[in-house]
Structures are given as structure tokens and as C-alpha cells.
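The values are calculated or read from the model by the stated rules, or taken from the named source; none is laboratory data. Keep in mind it's a predicted model, so treat the numbers as computed, not measured. Cβ coordinates were reconstructed from backbone atoms using ideal geometry, including for glycine residues, and neighbour counts include every protein chain displayed.
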Amino acid sequence: MAKGMLITFEGNEGSGKSTQIKLLTERLQAAGRQVTSVREPGGTGLGELLRDILKNQREGVHIDPIAELLMMNASRAQLVQEVIRPALKRNKIVLVDRFFDSTIVYQGHGRGLDLDLVREVVKVAIGSTLPLQTYLLRVPLETSETRRAQRSIETGHARDRFEASERAFFERIERGYDTIARREPDRIRVIDATLPIEEVHAAIWSCFPKPCKPSRG
Ligand code: TMP
């Protein structure tokens, strides 16, 4: 029987992660695999409550970067225990929209928290549950900004607490992703997500789950 595997998706806002997870899920299911897909923060009852607090700005409520780090990882610990490990035990493929790399990049590089401290907290949350492969969907900051603005108009929702951050924050996020991708080229596959949706999907599929060359971009 095929073995379970954990695959994660990363990228800045508007990089198309959820669309690609949906396409990959359909393709894997068509190939006879059982797939569980979840998002972070969230994916459990507790996680979705934390997501609401983390994403939606409330008047008079300030979230300190350390508190943010701990809440992201409380959501993650619950997800690992409640969903990811049981699914892997049942030999499912688990696709996660953001995982610990988001914490390294957003709370570490973005908020400026000490990277060793961030890694320690992540370790508490995930233990030995590590992704076999991570797809980093790459779009330039300008594309991300345009897509974010578009989404806000389409959904009628105001930008969330992260989306409302200043450009310098997103520049640090972009550099953070570049840094982690350079450090772990075998695990982290950089995909040019400016390409049409079907081509991005083809690039993801072509290296699933074996090693592949990074696409251009
Ligand atoms: P999204 O689901 O729309 O991508 O929103 C999740 C937001 O949370 C996104 O702006 C990135 C941020 N985030 C962190 O800051 N740290 C984390 O560990 C995770 C998982 C997400």
C-alpha cells in the first residue's frame, strides 16, 4: 500500500496556494489516493478559533509578536495531533496550506523574532512530523499586491491583520522565503506561480513527490 506523506504549500498572499491544493487534491484522488487537505492557522475547531483571533483586527486588541508565535503554534500542535498524524497513520496524503515555514518567515523574518527561538517553539508544536516536500509558490510583490486588492474587492472583505501590513513587512517575507528555499533546495521546490493556473499545476505534478528542477522565475 502507498505510504502516507505530508506535503506543504508556502508563498505570499495571492500566490494561488488554495487553487493549486484543490487541483492537486483532485488529481491525486483521480489516481486513487486518499487526500486530506487543511490550512494553517486553522484546520481544527481550536485552530479555526485561533485563526479568527489572529487574522481579524479588533479594536483595542494588540497581539504581541511572541503571543502571535505561540498562538500560531498552538493551532499547529492541535492540527498535528488531531488531523495530520492520524491521517498519515492511515496512509493518506496530507496537503497543508502553510506549515512551519510560514512561522520562520512571518514571525522570524517578518516580525524580527530570534530565529532560534522560533525554531524551538515550532519543534514543540510539530515534534518529528516534517513535510516530505514543500512547494513554494513564487509571485513578485506587485502581483501579490494586485491579487490581494482584487480579492478584497471580490469578497467585499476588508484586508486582514496580515494583509494590512506595510510593504516593508512583505519585502522581509519575500527575502525570508528566498533564504529558506536556498537552505533546503531538496525539500523546498520553488514554483513560478505567475504562470497560468494549469501550468503551475503541471509544474507541481511533474515533481510530485520526486525531486525536480525549480521552474523559471
Ligand atoms: P491565509 O490563510 O490567507 O494565507 O492567512 C494566514 C495568514 O497568517 C497569512 O498572512 C500568513 C500568516 N501566518 C503567520 O504569520 N505564521 C504562520 O505560522 C502561519 C501558518 C500563517
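The figures follow:
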| read-out | value |
| --- | --- |
| Cβ-Cβ under 6 Å pairs, at least 6 apart or on other chains, segment 153-171 side free of Cβ contacts under 8 Å to residues at least 60 places away in the same chain, far side surrounded by 10 or more Cβ atoms within 10 Å (Cβ to Cβ) | ARG159/SER152; PHE169/GLY110 |
| Tally, over segment 66-82, of residues that are in contact with a helix residue (DSSP H, G or I) (Cβ under 6 Å, 6 or more places away or on another chain) and of a type in the set (Val, Ile, Thr) | 1 |
| Hits in segment 6-41 - residues which are hydrophobic (A, V, I, L, M, F, W, C) and either over 10 Å from the mean Cα position of the chain (by Cα) or over 16 Å from ILE173 (Cβ atoms) (or both) | LEU6, ILE7, ILE21, LEU23, LEU24, LEU28, ALA30, ALA31, VAL35, VAL38 |
| Residue match in segment 114-123 (condition: surrounded by 14 or more Cβ atoms within 10 Å (Cβ to Cβ) and closer than 26 Å to LYS22 by Cβ) | no |
| Qualifying positions in segment 15-40 - of a type outside the set (A, V, I, L, M) and without any contact (Cβ under 8 Å) to a residue 24 or more places away in the chain | LYS22, GLU26, GLN29, GLY32 |
| Near pairs, Cβ below 8 angstrom, 6+ apart or cross-chain, from segment 55-75 (free of Cβ contacts under 8 Å to residues at least 12 places away in the same chain) to any residue that is outside any helix (DSSP H, G or I) | none |
| Scope segment 30-79; condition basic (Lys, Arg) and within 19 Å of VAL96 (Cα to Cα); matching residues | ARG33, ARG39, ARG51, LYS55, ARG76 |
| Single residue of LEU54, LEU49 found to be more than 11 Å from the ligand (Cβ to nearest atom), modelled with pLDDT of 95 or more and either crowded, with 21+ Cβ neighbours inside 10 Å or part of a helix (DSSP H, G or I) (or both) | LEU49 |
| Checklist (1) modelled with pLDDT of 95 or more; (2) closer than 26 Å to LEU50 by Cβ; (3) buried (at least 18 other Cβ atoms within 10 Å of the Cβ) applied to GLU163, failing item | (1) |
| Which listed residue is touching a helix residue (DSSP H, G or I) at 6+ places or on another chain (Cβ under 7 Å), under 14 Å from LEU137 (Cα atoms), surrounded by 14 or more Cβ atoms within 10 Å (Cβ to Cβ) and among the hydrophobic types (A, V, I, L, M, F, W, C), from ALA203, ALA193 | ALA193 |
| Subset of segment 19-44 (residues that are more than 16 Å from the ligand (Cβ to nearest atom), among the small types (Gly, Ala, Ser) and either crowded, with 19+ Cβ neighbours inside 10 Å or in a helix (DSSP H, G or I) (or both)) | ALA30 |
| Residue count, segment 5-15 (criterion: buried (at least 20 other Cβ atoms within 10 Å of the Cβ), at pLDDT 95 or above and not β-branched (Val, Ile, Thr)) | 4 |
| Test: residue in segment 78-89 that is under 22 Å from GLU163 (Cα atoms), modelled with pLDDT of 95 or more, of a type outside the set (Lys, Arg) and more than 9 Å from the ligand (Cβ to nearest atom) | no |
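Let's see how each residue does on (1) surrounded by fewer than 19 Cβ atoms within 10 Å (Cβ to Cβ); (2) in a helix (DSSP H, G or I); (3) β-branched (Val, Ile, Thr):
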position	(1), (2), (3)
GLU68	no, yes, no
VAL96	no, no, yes
GLY108	no, yes, no
ALA149	yes, yes, no
